[in-house]
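S.K.: The following block contains the structure, expressed as structure tokens.
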Amino acid sequence: MALAARSRLSTLSRAFFFLLAASAPAASLESTTIDARAADEAHLSQRELLGKRIFEDKSLSEPAGLSCASCHDPAKAFQGNNGSPIAALARGSRPDALGTRKTPTLGYVSFSPRFHFMKKKDEETGETELVPVGGQFWDGRADDLAAQVEGPLLNPREMNNPSKAAVVEKIKSGAYADLARRLYGEKIFESDAGFDKLAHAVAAYESSERFHPFSSKFDDFLRGREKLTAEEAKGFALFKDKKKGNCIACHVGEEKSRRPQDWLFTDFSYDALGAPRNAAIPDNKDPAFVDLGLCKREGLAKVAPKGYAIDSLCGQFKAPTLRNIAVTGPYLHNGVFASLRDVVAFYATRDTDPARWYPKKEGATAKYDDLPETFHDNVNVKEVPYDRKPGETPRIDESEIDAIVAFLHTLTDRPTPAAKAER
């Protein structure tokens, strides 16, 4: 069926549903809602279902009113800011509370390995070095997805619970407590390990297919079901070209594979990009405040190789997946860019035209103004397209930036029933 015809049918279907809803009695509407929810959850396992209940439960914040889904909105590729007045930061359960960094998407995060150091060969020098990879959050402070659940629930700026026990007690007295008991046993709420089991349920839900449907235009292109436009194809070529965009250096995919799962568009590594300081972030009103990222990860010294230069990681943040990137702005860890095009242009011209991105201080461009000068050498200036100097020609021009942005728009997942998502 032609796309336009499908769109017309979809519009008519929605209109028909709303007409029915307007004329239906309350009991009928309630039944319709229940049926829709049952259909949505039909393909979830019991553990995933429990995780979904916890994920959507607004009673689990202090005060009540904020759920995981409030800041990881399914309609926004599991990202969002809960109606915050500052686009870059999510609003917490208390009216005056805001997060510290841009909320990362939970889409495709289950593919991230546990935080660890791995050997990586420098393509230019041929030398092998140990680099940090994996984990959750911008600074990898949670080893895995289950550990990530604890962060927002206990963070005073987010869901603001005083302890794990307080969270468990709320679930114990909640509407789905029996589901937890059926799954984990009658003593689930009595054990010190109860929180961890409940967190694993949330991680199971976040690992379900609805968080990684592989349903974008690009996925259908890989499957041979759809073609890229000329501009999208040009953008894809530039994306892969190691002498042009070189986006694939961090946002990787297996070039010979037509399997969507081989194109996660991240290698889960960390990089220092020298992002401009975001003046809209309240904490940044204090000139002494600085977010150093990975080097301040709690417990890093214990897991790093012996003698590792921890300070060399200051300014580094995790490379996110580019899947759904067109709908998950604002961008970078501090949400400094509202526009996807600006991000790509920043990568291309950060070093050729720094005055375009950084403020003036004492008559000079304050390059890397969100990072103390002590750590400026940590910023990536070796890889393409960063290997340029002021006044030199950028690796990619304005029309090529547009083409890459056009390609990135093909990575947006299309709505699809969970039952039909590819395994």
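S.K.: Give, rounded to the nearest 20 debye, the magnitude of the charge dipole that the chain has about its Cα centre when Lys and Arg contribute +1 at Cβ and Asp and Glu contribute -1 at Cβ.
M.R.: Details: 60 positive and 61 negative charges, 158 e Å.
My answer is approximately 760 debye.
S.K.: Residues in the range 261-298, backbone N under 19 Å from the label point at Asp122 (7 Å along the Cα-to-beta-carbon vector): list them, ranges by number please.
M.R.: 269-274, by backbone N distance to the label point.
S.K.: Using a 1.4 Å probe, how large is the accessible area of Met118, given in Å² and rounded to the nearest 10?
M.R.: Near enough 80 Å² of accessible area.
S.K.: May I ask you to compute the full-extension gain from Ala355 to Glu383, defined as 0.36 nm times their residue separation minus their alpha-carbon distance, rounded to one decimal in nm? Each step should come with its number before you reach the end.
M.R.: Values: separation 28, 0.36 × 28 = 10.08 nm, distance 2.07 nm.
Full-extension gain reported as 8.0 nm.
S.K.: Near Arg395, within a Cβ-to-Cβ distance under 14 Å, what is the net charge of the other residues, with Lys and Arg +1 and Asp and Glu -1? Working shown, then result.
M.R.: Details: positive: Lys240, Lys242, Lys243, Lys244, Arg350, Lys382, Arg388, Lys389; negative: Asp241, Asp351, Asp353, Glu383, Asp387, Glu392, Asp397, Glu398, Glu400.
Neighbour charge sum, excluding Arg395 itself: -1.
S.K.: Also: Going by a 4.7 Å Cβ-Cβ cut-off, which cysteines of the chain have no partner at all?
M.R.: Those would be Cys68, Cys71, Cys247, Cys250, since no other cysteine Cβ in the chain comes under 4.7 Å of theirs.
S.K.: Let's test the formula: R0 of 22 Å, r as the Cβ-Cβ distance of Ser173 and Glu56. What FRET efficiency results, to the nearest 0.05?
M.R.: On the way: r = 17 Å, r/R0 = 0.77.
Once rounded, the FRET efficiency stands at 0.85.
S.K.: Also: What is the sum of charges around Leu411, taking Lys and Arg as +1, Asp and Glu as -1, for the other residues whose C-beta is under 10 Å from the C-beta of Leu411? Could the numbers behind the result be given before it?
M.R.: On the way: positive: Lys217, Arg323; negative: Asp219, Asp413.
Net charge around Leu411: 0.
S.K.: Full extension from Lys187 to Lys240: what is 0.36 nm times the residue separation minus their Cα-Cα distance, to one decimal in nm? List each step's numbers first, then the result.
M.R.: Working: separation 53, 0.36 × 53 = 19.08 nm, distance 5.28 nm.
Length gained between Lys187 and Lys240: 13.8 nm.
S.K.: Here's another thing I want to ask about it. Once Rh for the range 329-423 is found with the Kirkwood sum over Cα pairs, what is the Stokes-Einstein diffusion coefficient at 4 °C and 1.567 mPa s, in µm²/s? Walk me through the intermediate numbers first.
M.R.: Numbers: Rh = 15.6 Å.
In µm²/s, the coefficient rounds to 83.
S.K.: If you find the alpha carbon centre of the range 327-353 and of the range 187-214, how far apart are they in angstrom?
M.R.: Between the Cα centre of the range 327-353 and that of the range 187-214, the gap is 34 Å.
S.K.: I'd like to check one number: the per residue accessible area of the range 350-423, probe 1.4 Å, reported in Å² as a whole number. Don't jump to the answer; show the numbers that get you there.
M.R.: Numbers: 4220 Å² over 74 residues.
Accessible surface, normalised per residue, equals 57 Å².
S.K.: Accessible area of the range 344-399 with a 1.4 Å probe: how many percent of it is carbon plus sulfur?
M.R.: On the way: 1510 of 3090 Å².
Carbon and sulfur: 49 percent of the exposed surface of the range 344-399.
S.K.: Taking the inverse of the average 1/r across all pairs of different Cα atoms in the range 254-309, what Kirkwood radius in Å do you get?
M.R.: Details: mean 1/r = 0.0651 Å⁻¹.
About 15.4 Å for the range 254-309.
S.K.: Using a 1.4 angstrom probe, figure out how much accessible area the range 63-206 has per residue, in square angstrom, rounded to the nearest whole.
M.R.: Dividing the accessible area of the range 63-206 by its residue count gives 47 Å².
S.K.: For Lys367, give me every one of the lysines with a C-alpha distance below 16 angstrom, ignoring sequence neighbours fewer than eight places off in its own chain.
M.R.: Leaving aside lysines fewer than 8 places away in the same chain, those within reach of Lys367 are Lys389.
S.K.: If you don't mind, another one. I'm checking a number: the convex hull volume of the Cα atoms of the chain, normalised per residue, in Å³. What is it? Intermediate values should be presented prior to the final figure.
M.R.: Values: hull volume 73.0 nm³, N = 423.
So the per-residue Cα hull volume is 173 Å³.
S.K.: Carbon-plus-sulfur fraction of the accessible area of the range 72-113, 1.4 Å probe, in percent?
M.R.: Percent of accessible area from carbon and sulfur atoms in the range 72-113: 54.
S.K.: Just subtract the alpha-carbon distance of Asp35 and Ala165 from 0.36 nm times their residue separation and send over the number in nm, one decimal.
M.R.: Details: separation 130, 0.36 × 130 = 46.80 nm, distance 3.37 nm.
Computed gain between Asp35 and Ala165 is 43.4 nm.
S.K.: Here's something else I'd like to know. How far apart, in nm, are the 7 Å Cα→Cβ label points at Lys285 and Thr416?
M.R.: Taking the two extended label points, one gets 4.6 nm.
The values are calculated or read from the model by the stated rules, or taken from the named source; none is laboratory data. Keep in mind it's a predicted model, so treat the numbers as computed, not measured. Ideal geometry is used to build each Cβ from the backbone, glycine not excepted, and the neighbour counts take in all protein chains shown. Protein only, heavy atoms only, side chains kept; ligands, DNA and RNA dropped before computing areas. Shrake-Rupley method; radii C 1.70, N 1.55, O 1.52, S 1.80 Å.
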